[in-house]
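This report concerns only the one structure given below.
The values are calculated or read from the model by the stated rules, or taken from the named source; none is laboratory data. If you're wondering where the values come from, they're calculated on a predicted model, not measured in any experiment. Because the Cβ atoms are built from the backbone with ideal geometry, glycine has one as well, and the counts that use them run over all protein chains shown. Accessible surface areas use protein heavy atoms only, side chains included; no ligands, DNA or RNA. Shrake-Rupley method; radii C 1.70, N 1.55, O 1.52, S 1.80 Å.
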Amino acid sequence: MLIDTAAMYVGVSTESWPLIGFAIVLFLGFFPVSGWLASQAGIREPDERTRQLIRTAATRALFGLFAVAFTLYLGGVAVTAWGTIPEPLGTLSEQAEVVAVWTAAATIASSLVHKVGDQLRRRRLEG
């Protein structure tokens, strides 16, 4: 995943479409290949308790990131309301707004995906 992130960063910074495409292929292949490698190494599929612990930790991290970003954004808005905002704080506030919006979108998407996955898993177990 680190190689994928580095390839995407270099591809975007140099505007190299082949490198961006390579990073996308690496990302799409990461999860199936890592699952295959885990099965070859004898690592079994996580049970429901482990899956729930991972999901809870990821959700808490996502909400924590949202809380920090939203607080920074509101701080920037408050400082702007009192007058001009220095350039570094303005940039921080703008970036915090972007992070808050994307984090909220990721939270909603993750929730929907997990709900659908849970429903499908329940139906499979019932029938």
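Some values worked out for this structure:
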| read-out | value |
| --- | --- |
| Kirkwood-Stokes translational diffusion coefficient of the chain, alpha-carbon pairs, 4 °C, 1.567 mPa s, µm²/s | 71 |
| Helix-only CD estimate at 222 nm, as mean residue ellipticity for the chain, using -39500 (n - 2.57) per DSSP H run (n ≥ 4) | -31500 deg cm²/dmol |
| Percent carbon-and-sulfur accessible area, the stretch 1-107, ignoring ligands, DNA and RNA, probe 1.4 Å | 74 |
| Per residue accessible area of the chain, 1.4 Å probe, in Å² | 79 |
| Selected from Thr59, Thr107, Thr84 as most flexible by GNM, with the chain as the system and alpha-carbon contacts under 10 Å | Thr84 |
| Charge dipole magnitude, Cβ of K and R +1, D and E -1 - the chain, Cα centre, debye nearest 20 | 740 |
| Largest-first ordering by accessible area, 1.4 Å probe, given options Arg123, Arg55 | Arg123, Arg55 |
| Volume of the Cα convex hull of the stretch 1-57, divided per residue and given in Å³ | 94 |
| For the chain, built as a Gaussian network whose Cα springs stay under 10 Å, the top-fluctuating residue of Glu94, Glu45, Glu15 | Glu15 |
